[in-house]
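The values are calculated or read from the model by the stated rules, or taken from the named source; none is laboratory data. None of these values were measured; they are calculated from a predicted model. Neighbour counts run over all protein chains shown; Cβ positions are idealised from the backbone, glycine included. The accessibility values were calculated without ligands, DNA or RNA, using every heavy atom of the protein model including side chains. Shrake-Rupley method; radii C 1.70, N 1.55, O 1.52, S 1.80 Å.
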Amino acid sequence: MYAIVDIAGSQFKVEAGNEIYVPRIAKAAKDSDVEFDKVLLVENEGVVKVGAPYVEGAVVKATVLADDVKADKVLVFKKIRRKGFQKLNGHRQKLYKIKINEIA
């Protein structure tokens, strides 16, 4: 059984027991339980339910394992030819690590 769920504007394919990294979630602390009700698709033993836009009554329950994880560094390099201008900036996006408990 798997589901495709919309978490913080991004779509993830999740199964029970999976650990995934998601963008920061409002009002979620470490070891807290969260529910995601924006489920786009649910597959259960070959039976597929597709929502329009969301599947009614479908909920994905998860637990926040870590709230201080950082993604890989993204480098932004700017250059203007023949002017001697070069600028390098970078940042690391903050993520949450969550464990999917069940798809209900």
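Looking only at region 25-47, which residues are within 17 Å of Leu95 (Cβ to Cβ), touching a strand residue (DSSP E or B) at 6+ places or on another chain (Cβ under 7 Å) and surrounded by fewer than 12 Cβ atoms within 10 Å (Cβ to Cβ)?
Once the filter is applied, which keeps residues that are within 17 Å of Leu95 (Cβ to Cβ), touching a strand residue (DSSP E or B) at 6+ places or on another chain (Cβ under 7 Å) and surrounded by fewer than 12 Cβ atoms within 10 Å (Cβ to Cβ), region 25-47 yields Ala29, Asp31.
Test Val50 against the stated conditions and say whether it is farther than 25 Å from Tyr21 by Cβ and surrounded by 10 or more Cβ atoms within 10 Å (Cβ to Cβ).
Numbers: farther than 25 Å from Tyr21 by Cβ: yes; surrounded by 10 or more Cβ atoms within 10 Å (Cβ to Cβ): yes.
Yes, satisfied.
Pick from Lys83, Lys61: which is open to solvent by 40 Å² or more (accessible area, probe 1.4 Å), modelled with pLDDT of 95 or more and not in a strand (DSSP E or B)?
Checking each option against the conditions leaves just Lys83.
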